[in-house]
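Have a look at the structure below, then the notes.
Since every read-out is calculated from the coordinates, none of them should be taken as a lab result. What you are looking at is a predicted structure, and each value in this text was computed from that prediction instead of being measured. Cβ coordinates were reconstructed from backbone atoms using ideal geometry, including for glycine residues, and neighbour counts include every protein chain displayed.
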Amino acid sequence: MQSSFSTPDNFSSKLNNLGIISVEGEEAISYLQGKVTNDMNSLTEDQVQLGCHCDFKGKTWNIFHAIKTANGVDLVCHQESIPTSLAELKKYGVFSKADFTDATKDWDFFGVSGKEAENILEEHFGQLPEQHRQVCATQQGKVIRFDTPHIRYLVLAHSKLSQQLQQELTFSDAAEAQWEALDILSGLANIQSATSAEFIPQMMNLQALDAISFNKGCYMGQEVVARTKYLGKNKRAAFILYSEHTNELKAGDILEGKVGENWRRSGTVLRSATLQQGTYALAILPNDATIDQVFRAKEAPDQTFTIKPLPYNID
């Protein structure tokens, strides 16, 4: 059974499921500081932060990478998380000196890795980020480096740069699913419509990815998030699953775990990627799940999954 894959030497994908919430204005940072889990006051222009936007019960509306801009902050996230997150930011931001917009249409998104792709990006940006989650920017775009599960780059491009990259980079039909699989193998969750306001951040391992500041003070959902940490109340976590079958899963799909000769509802799919050699998924399961357990998709019971190691410690 093949349970891992390697991307081509020059791997490039247009990422059609990403979007941006733009928050601009003199109070953009201070307003977001009271609404999200990461410490916006420590955000710098050369380093992105992972964070969450939660409701008062600590259930997550959005998971994003925050990029500081000249006029505020851009939140890069899954497009399906934007409507609810944006509406909630606007609802409570009516009296703040900040403007909130869905800026997705202003950008194209690319995932790339490989030396040839790096050379092309360097020609456009002058230099590339040298550390995990570091960002370099020009007037035409931004490039963010990720080091998990290996070095790769997320590019945000305005129209001119987008057209140039689409001519210069090497694309393949499977590339977007490969990028999705790399995010899954990084243990990185996202929020889609079916999983909105369903899980607190720790159920998706976001404390292990430095997406939660426990020192920043109050924000929406902070009481629940803090209580979960200090009282040890969390009983669920995100796990990487692999199946050699190639049936596609959707966010929100139910997983069942084998208990003796029976199957019992055990978890929920957050995201998945189907490749030629199998299907990868990131799913919420009981946090005492073990690598010898077997799971299946409720709607496709012949598709069984096993747990693969996470790239970080969730204790």
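Using equal-weight Cα scatterers in the Debye expression, the normalised intensity of the stretch 84-205 in log10 at q = 0.12, 0.20 Å⁻¹ is -0.58, -1.23.
Amide H contacts under 5 Å for L275: Y280, restricted to partners 5 or more places along the chain or on a different chain, H placed in the peptide plane at 1.01 Å from N.
With Rg and the Kirkwood Rh both taken from Cα atoms, where does Rg over Rh land for the stretch 193-308? For the stretch 193-308, the value is 1.02. Across the chain, the longest run free of exposed loop sites, meaning GluC sites (Glu not before Pro) lying outside DSSP classes H, G, I, E and B with no more than 10 other Cβ atoms within 10 Å, spans 131-260. The Q163 and S193 beta-carbon pair, evaluated with R₀ = 22 Å, returns a calculated FRET efficiency of approximately 0.10.
Residue-normalised convex hull volume from the C-alpha trace of the stretch 246-315: 97 Å³ per residue. Loop-located trypsin sites (Lys or Arg not before Pro) in the stretch 223-315 (DSSP state not H, G, I, E or B) with no more than 16 neighbouring Cβ atoms inside 10 Å: K233, K235, K250, K298.
If I model the stretch 123-185 as equal point scatterers sitting on the Cα atoms and use the Debye formula, what is log10 I(q)/I(0) at q = 0.12, 0.25, 0.28 Å⁻¹? With no solvent term, the Cα-only Debye profile gives -0.32, -1.19, -1.25. Counting only Cβ charges, +1 for Lys and Arg and -1 for Asp and Glu, the dipole size of the stretch 152-249 around its Cα centre is about 700 debye. Pairwise Cα distances in the chain exceed 24 Å in 53 percent of cases. The HN-Hα couplings worked out from phi for the stretch 28-34 by the Karplus form 6.51 cos²θ - 1.76 cosθ + 1.60 (θ = phi - 60°) are 4, 5, 5, 5, 5, 4, x Hz, whole numbers, x standing for Gly and Pro. Here the chain is assigned +1 on the Cβ of each Lys and Arg and -1 on the Cβ of each Asp and Glu. Its dipole about the Cα centre then comes out at about 1100 debye.
In this Cβ point-charge picture (+1 for Lys and Arg, -1 for Asp and Glu), the stretch 7-173 has a dipole of about 500 debye about its Cα centre. Taking the centroid of alpha carbons for each part, the stretch 72-125 and the stretch 199-234 are 24 Å apart. Here the relative contact order of the stretch 215-315, from alpha carbon pairs under 8 Å that lie six or more residues apart, stands at 30 percent. Using C-alpha pairs under 8 Å with a sequence gap of at least 6, the mean separation divided by the residue count of the chain gives a relative contact order of 19 percent.
Short to long, the 5 Å bins of the Cα pair-distance histogram for the stretch 7-173 hold 2, 9, 18, 21, 20, 14, 9, 6, 2, 0, 0 percent of all pairs.
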